[in-house]
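These notes are about the structure you will find just below.
The values are calculated or read from the model by the stated rules, or taken from the named source; none is laboratory data. Note that the coordinates shown come from a computational prediction; the quantities given were computed from them, not determined experimentally. With ideal geometry, Cβ positions are generated from the backbone for all residues, glycine too; neighbour counts draw on all protein chains shown.
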Amino acid sequence: MQTTIESRSRTVVIGDGAPFCVIGERINPTGRKAFQAQLQAGDLSQLEIDVAEQVAGGADVLDVNVGDPLADEIELMRAAVPMVQGLTDLPLCIDSSIIEALEAGLGAYEGKALVNSVTGEDERLNLILPIVARHGAAVIGLANDDEIPMEPERRLEVARKIVSVAGDHGIPPQDVVIDPLAMPVGAEPRAVTLFLETVRLIRDNLGVNMTCGASNTSFGLPGRHALGAAFLAVSQSHGLTSAIMDARARECVESVRATDFLLGQDEWGARWIAAHRAKLAAQAAQAATS
């Protein structure tokens, strides 16, 4: 199954035989006090830096979240989406918990967006899915409802419900990307094994594509990039097809690209070799000017 996301001029495919999709997470004010203050002042200039760094890091899609409780998120989203589309041709993931902000972002977007996200509560499904369907977008469905289940079988139940209700709204399974819920392993030692079992169940029973917030796994722990790289490689080998992650983290991005090659999703290693040659050329250019 393939999920297709589009900008004005670029198409990204998530799923069968396609390279792992890196969804850059950086355009998000969580934990960024300076960015929060800028958003409260209506200042979106930080986006120029965030977009450039993630494109350079190898992102395939960019998540856009401008939510701050003291900012006008609706108007910020309405302005941020065309601004980011003017800076890159990568497709976008419109990310907000505010319905009106999702509407504003999708209304301003040119292409087929990914929406982040919907959960399994009836109210959220009935509010968000009609908007997704009306704009012809794809949607991320979190495998939780009014609680976050730890049991993989329960997460599968919620995922199945989201896919089913999405279908009732005219959204096909290929346009539903399920998040199996990556949790901090520092707080729950079984977090990754439960996640992997959930990925297996969703892959075998629903066949839909999957994503997750990859950095959640290493939260609060040292060596986060090393942990993230290992988590992504293992998850990819079990069927995870994309992740919302730090595209600036070379160790993590190189891990998924190497896994693409090893799992046969990068034929003859063409993408891996091209990236290596580009890195050598950049190093040579830097050495020549220093």
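Summary of values
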read-out	value
Inter-residue pairs, beta-carbon under 9 Å, first farther than 19 Å from residue 192 by Cα and in the range 231-254, second among the basic types (Lys, Arg) and modelled with pLDDT of 95 or more, 6+ apart	247/26; 248/26; 249/224
Among the residues listed as 200, 248, the single one being at pLDDT 95 or above and over 20 Å from residue 158 (Cα atoms)	248
Output for the range 3-12, where each listed residue is assigned to a strand (DSSP E or B) and either charged (D, E, K, R) or exposed (fewer than 13 other Cβ atoms within 10 Å of the Cβ) (or both)	6, 11
Positions within the range 33-71 being under 19 Å from the mean Cα position of the chain (by Cα) and not in a helix (DSSP H, G or I), in sequence order	58, 59, 60, 61, 62, 63, 64, 65, 66, 67
Of all residues in the range 31-45 being in contact (Cβ under 8 Å) with a residue 12 or more places away in the chain and not hydrophobic (A, V, I, L, M, F, W, C), the one that is surrounded by the fewest Cβ atoms within 10 Å (Cβ to Cβ)	42
Qualifying residue in the range 143-166 (condition: touching a strand residue (DSSP E or B) at 6+ places or on another chain (Cβ under 8 Å) and of a type in the set (Ser, Thr, Tyr))	no
Hits in the range 13-30 (condition: surrounded by fewer than 18 Cβ atoms within 10 Å (Cβ to Cβ) and assigned to a strand (DSSP E or B))	13
Where residue 96 falls short, out of the listed (1) more than 15 Å from the chain's Cα centre (by Cα); (2) closer than 20 Å to residue 212 by Cα; (3) surrounded by 22 or more Cβ atoms within 10 Å (Cβ to Cβ); (4) not hydrophobic (A, V, I, L, M, F, W, C)	(1)
Residues located in the range 226-238, provided they are touching a helix residue (DSSP H, G or I) at 6+ places or on another chain (Cβ under 6 Å) and surrounded by fewer than 17 Cβ atoms within 10 Å (Cβ to Cβ)	238
Count of the range 259-274 residues which are under 23 Å from residue 63 (Cα atoms) and either surrounded by fewer than 16 Cβ atoms within 10 Å (Cβ to Cβ) or not charged (D, E, K, R) (or both)	1
The listed residue being under 28 Å from residue 162 (Cβ atoms), modelled with pLDDT of 95 or more and either among the acidic types (Asp, Glu) or more than 18 Å from the chain's Cα centre (by Cα) (or both), out of 191, 182	191
Some residue of the range 275-289 being assigned to a strand (DSSP E or B) and either under 23 Å from residue 115 (Cα atoms) or among the charged types (D, E, K, R) (or both)	no
